1. Given the conditions (1) in a helix (DSSP H, G or I); (2) more than 26 Å from Arg149 (Cα to Cα); (3) among the aliphatic types (A, V, I, L, M), which single one is not true for Ala258?
2. Tell me, which residue of the range 160-217 that is more than 15 Å from Lys279 (Cα to Cα) and either charged (D, E, K, R) or outside the structural domain of Trp278 (by TED's automatic domain parsing) (or both) is modelled with the lowest pLDDT?
3. Taking the residues in the range 21-33 that are of a type in the set (A, V, I, L, M, F, W, C) and surrounded by fewer than 18 Cβ atoms within 10 Å (Cβ to Cβ) as candidates, determine which candidate is nearest to Gln183 (Cα to Cα).
4. Restrict the check to the range 320-329 and report whether at least one residue is in contact (Cβ under 8 Å) with a residue 40 or more places away in the chain, surrounded by fewer than 21 Cβ atoms within 10 Å (Cβ to Cβ) and not basic (Lys, Arg).
5. Determine if the range 217-225 includes at least one residue that is under 15 Å from Pro111 (Cα atoms), surrounded by fewer than 24 Cβ atoms within 10 Å (Cβ to Cβ) and polar (S, T, N, Q).
6. Select from the range 177-188 the residues that are over 29 Å from Leu267 (Cα atoms) and not polar (S, T, N, Q) and write down the one among them that is surrounded by the fewest Cβ atoms within 10 Å (Cβ to Cβ).
7. So is Gly247 free of Cβ contacts under 8 Å to residues at least 40 places away in the same chain and part of a loop (DSSP other than H, G, I, E, B) or not?
8. Which condition number in (1) in a strand (DSSP E or B); (2) within 30 Å of Gly21 (Cβ to Cβ) is the one that Leu286 fails?
Amino acid sequence: MTAERKLRMGMVGGGPGAFIGPVHRIAAELDGKIELVAGAFSQSAERSREAGESYKIDPDRAYANYQEMLEAERRRHDAIDFVAIVTPNHLHLPVAEAALKAGFPVMSDKPATASYAEALTLEKAVARSGLPYGLTHTYAGYPLVREAREICASGALGKIRKIAVEYLQGWLSQPIENTGQKQATWRSDPALSGQGGCIGDIGTHAFHLMEYVTGLQVTELNATLLSVVASRRVDDDCTALLRLDNGANGVLMTSQIAAGEGNGLRLRVYGEAGSLDWKQEDPNRLRLKWQHGPEEIRHAGGSYLGHSARSATRLPGGHPEGYLEAFAVLYREFADGIEAWKAGQSAPLPLTLPGIAAGVRGMRFIDRAIESSQRKCWIEF
């Protein structure tokens, strides 16, 4: 980052009633590297203006739609530096393509697109543009997730034999989409979310976390997707058996009808010499268990952590950091990547920041899981 000014962000989505839009704005601005200055916050021009007022941006830069924003910003001397996409999934591809074509790097909420075919189209658009593209798989920003990743890469656990990842929520235990609840309504509509419901909304997070931490890739899977709530048009519960490229087996379990659960993301990795256990609802502790040694708990902020974990930490040990800070780590890395790109570096984004490759694999996972469930058999990834 230069000391001259903050990077200017233009946001698409995040209007009144949105959950993730304000999260993106807070996270982006947390480190003082980025400032939200423009947006097309809603498909309603009036609601976009209302959102602009709430975000305290120039009224002239609260646009009626993203096409208008991109065209107007291209002509400004103080144009935005990148576009953040925080819309329902069906708009991720058209907005990203338009932004890249207009010359703006893109930071997108996950999943990358609404379908695997769209993800392949986006992959080509990113390559053609040569512009930075980031994907906010939030949990990759937690310091102890970074620590777990380094532990796996070091070989300290020995050969990995078994992986168990789960992401359990209970907020869709009842058909609240029928009451007009905004977040449930679009997530339960395949025209807006894509064909994957739970598997797309949180299953992609679990899948990404598993591959991100272990460095392994899924080669085969056998998935069962269910719509437990009778009137629901997309899946709300998923269990998948996995085979990985080192011969290990895994299980992935995600659900949004697990009554009483909040945001229960958990990863356990078992190797020949030991295992690790990380929970999103207790993110500042990483538990290590050794076959021949005492159990170990590593704390966020500890001076003994590896470089990657320390670089993602803002506060001393004992001062909890959580979701917003993890989100902000990704935006900080993206901001640094944009500055590196402007300076002419050919591969400016750090490997710790999820990008288009993660987006394509995530959409492939949804596609393969749906097909496996329909065919009721193992299939190749």
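1. (1)
2. Lys182
3. Ile26
4. Yes, some residue in the range 320-329 is in contact (Cβ under 8 Å) with a residue 40 or more places away in the chain, surrounded by fewer than 21 Cβ atoms within 10 Å (Cβ to Cβ) and not basic (Lys, Arg).
5. Initial filter on the range 217-225 (under 15 Å from Pro111 (Cα atoms)): none.
No: zero hits.
6. It comes out as Gly180.
7. In short, yes.
8. The failed condition is (2).
The values are calculated or read from the model by the stated rules, or taken from the named source; none is laboratory data. Only a predicted model underlies this, so the values are computations on that prediction, with no experimental measurement involved. All Cβ positions, glycine included, derive from the backbone under ideal geometry; neighbour counts span all protein chains shown.
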